[in-house]
Amino acid sequence: MLNLNQLRCFWAVARAGGVHRASEQVHLTPQTLSGQVSKLEETLGVPLFERVGRRLELTETGRLALSYADDIFRATGELEDVLRQRPGERRTLFRVGIADVVPKSVIYRLLAPALELTEPVRLVCREDKLPRLLAELAIHELDLVIADAPHPPGLDVKCYSHVLGSSSVAFLASPALVKALGRKLAFPQNLAGTPLLLPGLDSALRGPLLRWLNDAGVHPEVAGEFEDGALMKAFGRAGAGVFPVPAAIADELCQQLEVKEVGRTEELREQFYAITVERRLSHPAILAVIEAARDRLFAGEA
């Protein structure tokens with residue numbers, strides 16, 4: 001049977017990048033840590049580290065073990081926090097997975113109503129790629145996944161996609177870049193030859209956006225591609241290019257980022273989904289998220 005104390009010692013060494021550094025962090029001697037890791041390797045029958053020069057590096061099995069150890073000790077930490085609360089102070093745990101292509105401003109607007117419920121909620125957010133989040137949802141490590149695409153039909157995970165709403169697409173840019181575009185051409189023709197910032201390959205918007213531009217005969221200069229939407233907005237704010245956002249939050253972003261709107265189109269729609277393992281929803285926080293999306297955030301975008 002796996003010894004959790006040995007696993008925790010391995011976890012500490014792997015995360016610290018070495019025995020001596022881990023020793024300082026967890027207040028155990030290097031000899032104790034090394035001994036516990038060796039016993040774990042003996043139990044498993046495989047090496048978890050290999051020595052490369054003077055450094056310890058994880059083997060392929062070690063990297064796999066570290067991934068599982070991260071999940072185990074994250075879960076035990078959450079359990080400890082919940083159990084330490086007094087019965088009258090306990091909050092309902094609400095674990096939300098967020099596909100990393102969904103704009104942070106959209107996420108905040110969706111989740112904020114869950115924190116306003118009469119019964120207190122303890123919100124736990126995890127951001128990752130959609131397939132990994134759906135795997136965690138399937139084993140009930142998450143209550144909800146928010147994504148810009150429904151559950152992929154080819155993925156062997158039983159879950160249900162609930163439409164939160166959709167938004168047209170607006171294009172924003174720094175004031176200096178907007179001024180440089182001038183008013184000689186109407187939108188979207190004024191994007192021709194203009195630096196454009198694109199969302200990454202995982203974004204459901206990317207393909208339709210490129211097809212829409214091509215159909216319109218508009219050929220901007222792609223200045224950057226970003227898996228992280230927040231990073232794309234930071235570059236856009238600095239003047240690196242025009243960038244697309246859901247029109248539902250365009251005014252808010254213009255104020256936050258001190259940028260201006262170049263134009264918007266109804267021909268492009270960004271859709272957002274709540275993915276759950278339940279067809280009939282009962283979790284009060286999930287119901288609050290869906291109600292907020294449909295009645296507030298996307299109400300004017302139907």
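What follows draws every value from the coordinates through simple rules; no lab data is involved. Since this is a predicted model, take the numbers as computed values, not measurements. Every residue, glycine among them, receives a Cβ derived from its backbone with ideal geometry; neighbour counts consider all protein chains shown.
A few points about this structure:
- Spacing of the two label points (7 Å from each Cα toward its C-beta) at E252 and E42, in nm: 5.7
- Fraction of antiparallel bridges per DSSP, region 164-288 only, in percent to nearest 5: 70
- Projecting label points 7 angstrom from Cα along Cα→Cβ for A75 and T61 puts them 2.2 nm apart.
- The modelled label-to-label distance between E221 and R126, using points 7 Å beyond Cα along the C-beta direction, is 4.3 nm.
- Over the chain, DSSP H runs of length four or greater, each weighted -39,500 (n - 2.57), average out per residue to a 222 nm ellipticity of -12000 deg cm²/dmol.
- Residues whose amide H comes within less than 5 Å of that of F49, counting only those at least five positions distant or on another chain, are T59 (H built at 1.01 Å from N in the peptide plane).
- The slack in the chain from L287 to L2, taken as 0.36 nm per residue of separation less the alpha-carbon distance, amounts to 98.7 nm.
- The spacing between region 267-302 and region 150-174, judged by their C-alpha centroids, is 10 Å.
- Most fluctuating residue given options E24, E116, E278, as computed from a GNM of the chain linking Cα atoms under 10 Å: E24
- Cα gyration tensor category, rounded, prolate or oblate, for region 160-234 with a/c compared to 1.5: prolate
- Alpha-carbon centroid distance for the pair region 1-30 / region 224-262, whole angstrom: 42
- Given their separation in residues at 0.36 nm each and the Cα-Cα distance between them, A192 and E116 gain 22.8 nm when the chain is fully extended.
- Among F171, F49, F73: highest mean-square fluctuation, GNM of the chain, C-alpha pairs under 10 Å: F49
- The lysine pair count for the chain, using Cα distances under 27 Å and pairs eight or more places apart or on different chains, is 11.
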